[in-house]
Structures are given as C-alpha cells and as structure tokens.
Amino acid sequence: MKTEQLQVLTETFEGHAHQTDTGVEYWLARDVQHLLGYSEWRNFGQVISKAKTACEVSGHPVGNHFVDVNKMVQLGSGSEREIDDLMLTRYACYLIAQNGDPRKSEIAFAQTYFAVQTRRAELIEQRMLALERVQARRKLSETEKELSQVIYEQTGGNQDFALIRSKGDQALFGKSTQAMKAQWKVPDSRPLADFAPTILLKAKDFATEITIFNARQHQMDTESAISSEHITNNQAVRNTLLERGIRPESLLPAEDVKKVERRLRVCKILCKRTIPLGRWPRSP
C-alpha cells in the first residue's frame with residue numbers, strides 16, 4: 001500500500017455515506033463489502049458476524065448499528081431481484097474493519113483510517129475543551145470589569161473592587177485567595193483565575209453576574225452592601241457545587257490559561273494547512 005494512502009482521509013469511503021430522513025449517517029454493507037476488497041457476500045457476512053459480536057461485547061446495542069434492510073438490484077436481463085443488505089453506522093464500519101482480513105490492503109488501510117479518525121476526534125475534543133476554558137476565562141474578566149464599573153458608578157469609586165473580589169473567593173473556596181494561590185502554586189503576580197478549572201471559572205462568573213444584577217436592581221451605593229451581596233452569591237454557588245459533590249478547594253489547578261491560549265494560536269495556524277484527499281485502494 002502506498003504511504004500517501006495512509007496519510008489522508010478517503011473521499012471514496014465518505015462519498016458512500018447516506019443519510020436517513022432524520023439525518024442519521026449510515027453506509028450500506030454491500031458498498032462497504034467492495035470497499036474492503038471482499039468479492040463474495042458470504043465471506044463478508046462472516047466478518048459482519050464477528051463485528052456484531054464485538055459490538056455486543058462492548059456494550060452497544062447491535063440493532064442500533066447493524067440494521068437489516070432489503071433492496072432491489074437490476075439483473076442483466078432487465079428484471080429486478082430483492083437482496084439482503086444492512087445499514088451500518090460509522091461505528092459498525094469501524095468494527096468490520098477491525099475484524100477483517102488484515103492481509104487485504106483495503107482492510108489494512110481501513111484500520112489505519114479509523115485509527116486516524118479516532119485520534120483526530122480526540123484532538124478535536126481536547127481543543128474544544130481548551131477553547132471552552134479560554135473563553136470562560138475571558139468571560140470572567142469581562143464580567144469582573146463590569147462589576148468594577150458598577151461599583152464605581154454606584155459608590156463613587158472602585159478602589160475596593162480587589163477586596164470585594166477577594167471576599168468572593170473566600171466565600172467560594174472557603175479559603176482566602178492567597179491560601180488558594182499557595183495550594184495551587186500560583187505566582188503572586190498572576191490571578192488565581194488563570195489556573196482555575198473551567199467549572200470554577202463559570203461558577204465565579206455566575207456569582208459575579210448575580211452581584212451585578214442585584215447591585216443595579218437594588219441600587220446598592222456602598223462597598224459594604226455590594227460586598228455582602230457578592231459574598232452571599234458566592235456562598236450560594238459554593239453550596240450548589242457541594243450538593244453536586246464538587247468541593248472547589250479540593251479541585252486540582254488547571255494548566256496556565258496563557259499557555260493554553262498560545263497552544264490554540266499555534267493550532268489555528270497549523271490547521272489552515274490543507275492536504276489533498278486520497279482514494280480508497282482498489283483490489284487488483
């Protein structure tokens with residue numbers, strides 16, 4: 001098998017995909033049979049049987065991935081005949097490839113193809129989680145700036161903003177900001193939030209949003225009133241987390257969000273590169 005065939009997705013395989021009326025993606029077994037280099041349906045049926053067993057053993061309902069269907073085919077005489085077929089999910093195609101004859105170049109290619117697809121999906125998931133955290137951090141920064149502005153507008157100064165934010169941390173973590181920095185080994189010059197997991201970034205943001213809303217709604221005009229409100233909201237968020245089995249001060253720190261941002265920028269540049277698609281190898 002040519003090396004380039006192992007480096008790219010195959011447009012031929014993707015080109016054989018169908019969709020149900022509800023948008024469910026599937027392949028027909030008779031098509032996959034030929035894509036994988038099986039000339040006899042009987043032999044391919046044995047591979048399908050093994051794939052079904054693997055599906056069952058893995059805990060997935062076989063009927064959700066292998067659906068029996070019938071279709072009409074044109075005969076040489078011009079008449080039609082009904083034959084058995086199956087609708088296969090992508091997972092079913094993967095299992096078939098894993099249980100096929102690895103001596104066939106088509107099977108070897110398919111196994112590599114699905115391995116690449118799986119790894120690509122993992123990388124995409126990791127990137128999405130990283131992006132979610134970066135966005136959560138940016139959103140918290142924007143919300144805290146808004147709170148600072150509200151404090152300035154309604155009290156005549158925002159010099160107490162850092163103190164109010166610190167009191168919010170104390171209520172959320174049950175520990176001071178400095179204590180959490182020491183626990184997470186955060187440099188003194190860096191914000192604690194730059195090392196907070198996504199769920200805590202969103203928790204802090206939610207509590208701050210409530211403080212902003214109530215401070216405006218009730219026209220709070222003193223630092224003590226807004227501070228008390230912020231403490232109450234962070235305590236409420238903490239109680240919700242505790243009820244769901246999440247103890248904020250026990251969570252491990254996340255990677256420095258600045259490093260995550262740099263990695264995402266590099267990934268964005270690399271992802272702009274395009275690679276021509278190859279074709280599914282054919283039997284001689």
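Each reported figure results from applying straightforward, stated rules to the coordinates on display, with no laboratory input. Keep in mind that this is a model prediction, so the values were computed, not measured. Neighbour counts are summed over all protein chains in view; Cβ atoms, including those assigned to glycine, are modelled from backbone coordinates with ideal geometry.
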Ellipticity estimate at 222 nm from DSSP helix runs (n ≥ 4, -39,500 (n - 2.57)) divided over the chain, nearest 500: -19500 deg cm²/dmol
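Please report, to one decimal in angstroms, the Kirkwood hydrodynamic radius of segment 25-132 built from all distinct Cα-Cα pairs. Walk me through the numbers before you get to the answer.
Details: mean 1/r = 0.0654 Å⁻¹.
So the Kirkwood estimate lands at 15.3 Å.
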For segment 145-184, with +1 on Lys and Arg beta carbons and -1 on Asp and Glu, the positive-most of Trp184, Leu147, Leu163 along the dipole: Trp184
Vicinal HN-Hα couplings computed from phi for segment 15-22 (Karplus, 6.51 cos²θ - 1.76 cosθ + 1.60; Hz; Gly/Pro x): x, 8, 6, 10, 9, 6, 4, 8
Relative exposure of Ile246, Ile151, judged by other C-beta atoms within 10 Å (fewest first): Ile246, Ile151
For segment 199-215, Karplus couplings with θ = phi - 60° (6.51, -1.76, 1.60), whole Hz, Gly/Pro x: 4, 6, 4, 6, 5, 5, 5, 5, 4, 5, 4, 5, 4, 4, 4, 5, 4
Residue exposure sequence - Leu131, Leu123 - by fewest surrounding Cβ within 10 Å: Leu123, Leu131
5 angstrom amide H check on Leu86, placed H, neighbours 5+ away: Ala29, Arg30, Val69
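Tell me, what is the percent relative contact order of the chain, built from C-alpha pairs under 8 Å that lie six or more residues apart? Present the calculation step by step, with values, prior to reporting the outcome.
Numbers: 313 pairs, mean separation 67.2, N = 284.
Computed value for the chain: 24 percent relative contact order.
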Long pairs among Lys139/Lys259; Lys167/Lys259; Lys167/Lys202; Lys181/Lys202; Lys145/Lys185, criterion Cα-Cα beyond 22 Å: Lys167/Lys259; Lys145/Lys185
Inter-part distance where segment 198-273 and segment 124-147 are each reduced to a Cα centre, Å: 10 Å
Which labelled figure in (1) 1.20; (2) 1.13; (3) 0.98 is Rg/Rh (Cα atoms, Kirkwood Rh), once derived from the coordinates: (1)
Kirkwood Rh, angstrom, segment 125-270 [1 / mean 1/r, Cα pairs]: 15.9 Å
